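Scroll down for the structure; my scribbles are underneath it.
The values are calculated or read from the model by the stated rules, or taken from the named source; none is laboratory data. What you are looking at is a predicted structure, and each value in this text was computed from that prediction instead of being measured. A quick note on method: Cβ atoms are made from the backbone with ideal geometry, for glycine too, and the neighbour counts reach across all protein chains shown. The protein model used for the area step is the full one, side chains on, heavy atoms only, and it has no ligands, DNA or RNA in it. Shrake-Rupley method; radii C 1.70, N 1.55, O 1.52, S 1.80 Å.
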Amino acid sequence: MLQKLSAGNHAQPFRGPFSITRIQPSDILKEETDDSAFGPLSNIDYAVMKKGLTVKMHEHVNDEILSYVWKGTSYHKDSAGFEAPIAPGKLMMMNAGFSFWHEEKVKKDSVEMLQIFIRPHKTDLKPAIQFHDKPTDNRNWYLMVGPEDSQAPLYIRQNTYILDAHPKAGDKLEIPHYKGLKPFLYVLDGKITMNDMEITNQEAITDLEDPLPFLTANEDTTMVLFFVDMHAPMSMEGTISGLGLRRE
């Protein structure tokens with residue numbers, strides 16, 4: 001049975017020059033839970049950073065973080081010595097491990113991006129930073145992230161896959177299937193229909209029993225698709241991903 005997460009109940013832990021709308025994936029589930037996560041998918045932060053903003057050097061521990069910039073350019077600097085502009089089509093994966101420090105700056109236009117937090121399978125792994133260039137106009141699914149032994153261009157220390165697609169109005173897309181993993185489809189911008197159910201900006205859909213059916217894009221849409229192991233071992237010690245059990 002299809003289950004939908006509407007946009008109206010998302011938290012907003014930060015407002016101002018740095019604003020965050022926090023999608024708590026467990027809100028899509030029917031049962032009550034004190035945890036924000038959908039399997040190891042802890043939360044999806046839709047962040048808006050205004051021109052001139054600097055998020056000073058800060059530490060992450062035991063977070064696997066995918067930075068997915070939708071609009072603008074964020075300038076990244078980290079404790080490993082890397083400096084890079086992160087813009088649409090330029091993905092960044094921080095595998096924080098036992099400690100990773102980074103800073104973000106917005107020099108020109110405002111930035112709109114997703115910061116996606118996954119719980120790793122173990123605590124205090126070795127830290128790493130990864131980058132990957134991808135198309136920004138792929139109308140069908142593009143595999144961005146997968147486990148270390150997968151063919152994905154970015155690896156994550158968890159049994160999780162992350163894909164995106166940018167269908168045009170009228171496009172029909174089949175949903176991939178990963179055996180044993182459950183889907184979580186998040187619409188960043190646009191509008192789709194699935195079995196007569198409409199999903200629009202900052203909404204999500206899942207089915208815990210059957211594969212998701214094909215979808216139709218009602219308008220030009222950007223969406224991110226997750227497949228997660230709902231029973232995966234995971235660290236609860238993440239700076240952000242571990243906060244799920246202590247949310248208000």
Confirm whether TYR155 is open to solvent by 40 Å² or more (accessible area, probe 1.4 Å), in contact (Cβ under 8 Å) with a residue 40 or more places away in the chain, part of a strand (DSSP E or B) and among the hydroxyl-bearing types (Ser, Thr, Tyr).
yes
Here is a check on your reading of the model: is GLU209 in contact (Cβ under 8 Å) with a residue 60 or more places away in the chain and part of a loop (DSSP other than H, G, I, E, B)?
yes
Quick one: would you say VAL145 is farther than 24 Å from LEU215 by Cβ, in contact (Cβ under 8 Å) with a residue 40 or more places away in the chain and surrounded by 15 or more Cβ atoms within 10 Å (Cβ to Cβ)?
no
Since ASP137 meets every condition but one in (1) touching a residue at least 40 places away in the same chain (Cβ under 8 Å); (2) open to solvent by 40 Å² or more (accessible area, probe 1.4 Å), which condition does it not meet?
(1)
Residues of the stretch 138-168 classified as over 18 Å from VAL69 (Cα atoms) and of a type outside the set (Ser, Thr, Tyr), total:
12
Can you name every residue in the stretch 42-85 that is at pLDDT below 95, β-branched (Val, Ile, Thr) and either at positive phi or open to solvent by less than 10 Å² (accessible area, probe 1.4 Å) (or both)?
none
Working only within the stretch 203-223, note down all residues that are open to solvent by less than 60 Å² (accessible area, probe 1.4 Å), of a type outside the set (Gly, Ala, Ser) and over 22 Å from MET1 (Cβ atoms).
THR221, THR222
When SER26 is run through (1) surrounded by fewer than 19 Cβ atoms within 10 Å (Cβ to Cβ); (2) in a helix (DSSP H, G or I), the failure sits at (1)
Note on LYS108: of the conditions (1) within 24 Å of THR54 (Cα to Cα); (2) part of a strand (DSSP E or B); (3) open to solvent by 10 Å² or more (accessible area, probe 1.4 Å), unmet is (2)
